[in-house]
Amino acid sequence: MAPFLEKYSVLINSEGERIIGTYVRSVEVISMAKKMDDLFDSMRGVLPEQRAAILENNEMLGIEPRPEIDEEDFGEMCFRIYDSTQYNYPINVKWFVPQKGDLGMFESAWGVVREIDKKYERFKLVCNGESHWINVRDLVSVKK
């Protein structure tokens, strides 16, 4: 970025006039004054810098939004889980672990399904002495 673009910007006032060469700090002061006039409107908005910081923090934590699974894929995943209990073959399961609302992390494991709990809509995946109870609604993918 050119050095002069870091300190100067173009400002368009409410009448549509362009003010060139205005120092960036004065633009921030003008925008802050507008926000103070309408206090409740300023509380609803998120500054672009804040939004970028939130997204960067979420990326660092590995937090992602919950994926949407269509009914056909969901049915196929349930069929593979049921087959694993019937024929005792291992499957690779990836599921969503919610952290904050619809944001969360993905975990994966492979093993054989030993139990299916219909009441709580979950199943037990067992491998090498480890077991995971996985909620059916949190499934992302199931592979052989």
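Overview of results
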quantity: Gained length - Tyr89 relative to Val112, 0.36 nm times residue gap less alpha-carbon distance; calculated: 7.7 nm
quantity: Bins of 5 Å, starting at 0 and running to the largest distance - Cα pair percent for segment 65-143; calculated: 3, 16, 28, 27, 18, 7, 2, 0
quantity: Measure of compaction for segment 103-144 (Cα Rg per 2.2 N^0.38 Å); calculated: 1.15
quantity: Chymotrypsin sites (Phe, Trp or Tyr not before Pro) within segment 38-144, DSSP loop, no more than 11 other Cβ atoms inside 10 Å; calculated: Tyr120
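No lab work stands behind these numbers, since they all come straight from the coordinates. The model shown is predicted, which means the values in this text are computed figures rather than measured ones. Backbone-built Cβ (ideal geometry, glycine too); neighbour counts: all protein chains shown.
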